[in-house]
Amino acid sequence: MKPSILITFDSLKHATSGLFFFERSLGDELIKQSSNRFSLYGYMRRKSIHTFQKIKGTILISLLHKVFFPRYNEFDLVHFTNQYCKLNPNRVNAKKVLTIHDMNPVHEKNRSPQRYSKYLRRLGGYIDACDRVVVISNFVAKDVVEHYPQAANKLSVIYNGADKLNMASGHTPAYKPVRKFLFTIGSLSAKKNFHVLPALLKNNDYELIIAGKITGYQEKILEEAAKYNCTDRVIIPGLISDDDKAWYYQNCEAFLFPSIAEGFGLPVIEAMHFGKPVFLSKHTSLPEVGGKAAWYFDNFEPEAMQATFIQGLEEYMAKDMSADIMKHAARFDWKKTAQQYLDLYDECLAM
């Protein structure tokens, strides 16, 4: 009889976050590869139950599960796919694997001391309750061990894959730029640091497209755009479709990602799949993910950013680096990621 495994897919509600794409892409590949090894079940919301057509079965998320999980003893292993899991690991009697995507609150420093302490206690409790812990970069591994030394002997690094998007033939995005443009994508939040980007529009005719869930942080971006007299060239279209995203990746002059808090940074590899030059911050996991195939802002002073950007584009063009960048992106493959998780399930079940 094949071991039964429950996987929490509790971030499939909104197709706007990195956790959504992680769970969808990893889930698809785990189901494809696991048919002869495991019986996979999903823990998810009702609106998400049709996401995976070939999964063995589903359990609907319920608030009551915070107190008692009726099927606590039915599974050989439970994989909690993010550190904000709706199902508490302590409510399950099984082997347990936890994936930690980041410890961004450590770097953002925007919580009260009480909330920060609560965050650390909660995550520490989850780590202690699980048999194995997966992190998505060596940077996150360093954060985890620094705060929870007891996790070191059960920690594994498994990089995310990154979807290679295909642009629909003849597709035109809802907003089509009228001139050459730069692109970035992500929820408009302070940690994404997008407000430093309008400085790159000085002394050129580029547009800047910033796609993602619109928040109050938009005002700070537009304030910076006004300083450089380029408000009409900073376009914030909000959430966009996968086809629009692929079009922007395919047609942009460069991809920009100055984030100061990332566990991985999926858009970076998505852009690299199109052979585009990417310009990143040096914060958290981004140098690890971008490697030598990216360019990095030493700081966010406008003149320094402009110099890095100009020199990077010149190097990209002079060395014709598109193929090397795509080769780097190909290292991050969901098939490989899923295989590593399946092997980890085997190891955990054998403990």
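Readers should treat all values here as calculations from the given coordinates under stated rules, not as data from a laboratory. In this text the structure is predicted, and so the values were computed from the model without any measurement. Here the Cβ positions follow ideal geometry from the backbone for every residue, glycine too, while neighbour counts run over all protein chains shown.
Quick notes on this one:
- Beta bridge orientation in the chain: antiparallel %, DSSP, nearest 5: 0
- Kirkwood Rh (inverse of mean 1/r, distinct Cα pairs), segment 19-72, angstrom: 12.2
- In the chain, taking the dipole from charged Cβ atoms about the Cα centre, the farthest positive-side position among 264, 186, 156 is held by 156.
- Normalised by 2.2 N^0.38 Å, with N the number of residues, the alpha-carbon radius of gyration of segment 227-351 equals 1.25.
- Distant-in-sequence amide H partners of residue 101 (H built 1.01 Å from N, under 5 Å): 83
- Here the spin labels are modelled as points 7 Å beyond Cα on the Cα-Cβ line, and at residue 314 and residue 180 they lie 1.4 nm apart.
- Residue 327/residue 190 FRET efficiency (R0 45 Å; Cβ-Cβ; nearest 0.05): 0.85
- Table column - 3J(HN,Hα) (Hz), segment 306-319, Karplus curve with 6.51, -1.76, 1.60, x for Gly and Pro: 4, 5, 4, 5, 5, 5, x, 4, 5, 5, 4, 6, 5, 9
- Given charges at beta-carbon only (K, R positive; D, E negative), |dipole| of the chain in Debye: 1380
- For segment 234-274, the Kirkwood hydrodynamic radius comes to 11.5 Å, computed from all pairs of different C-alpha atoms.
- Projection of the Cα convex hull of the chain, averaged over all directions and equal to a quarter of that hull's surface, yields 18.7 nm².
- For segment 5-36 and segment 165-185, distance of Cα centres in Å: 27
- The spacing between segment 199-222 and segment 323-351, judged by their C-alpha centroids, is 35 Å.
- Sites listed here are trypsin sites (Lys or Arg not before Pro) in segment 117-223 whose DSSP assignment is loop and whose Cβ has at most 12 other Cβ atoms within 10 Å: 179.
- For segment 28-169, the Stokes-Einstein estimate of translational diffusion at 20 °C and a viscosity of 1.002 mPa s comes to 126 µm²/s, using the Kirkwood hydrodynamic radius over alpha-carbon pairs.
- Euclidean distance of C-alpha centroids, segment 255-277 and segment 118-160, integer Å: 24
- By the beta-carbon count within 10 Å of each Cβ, the least crowded to most crowded order of 86, 319, fewest first, is 319, 86.
- Neighbours of residue 63 by Cβ distance under 14 Å: Lys/Arg scored +1, Asp/Glu scored -1, total +4.
- Label point distance in nm, residue 336-residue 351, each placed 7 Å from Cα along Cα→Cβ: 2.5
- Between the amide H of residue 209 and those of 182, 183, 184, 235, distances stay under 5 Å, these residues lying 5 or more places away or on another chain, with hydrogens modeled in the peptide plane.
- Sequence-distant lysines (8 or more away, or on other chains) whose Cα lies within less than 22 Å of residue 142: 96, 109, 118, 154, 191, 192, 282, 292
- Computed lengthening from residue 20 to residue 251, 0.36 nm per intervening residue step minus Cα-Cα distance: 80.7 nm
- Mean projected area in nm² (Cα convex hull; one quarter of hull surface) for segment 118-218: 10.3
- Residues 117, 322, arranged from fewest to most other Cβ atoms within 10 angstrom of their Cβ, appear as 117, 322.
- Charge context of residue 284, other residues only, Cβ under 14 angstrom, K/R +1, D/E -1: -1
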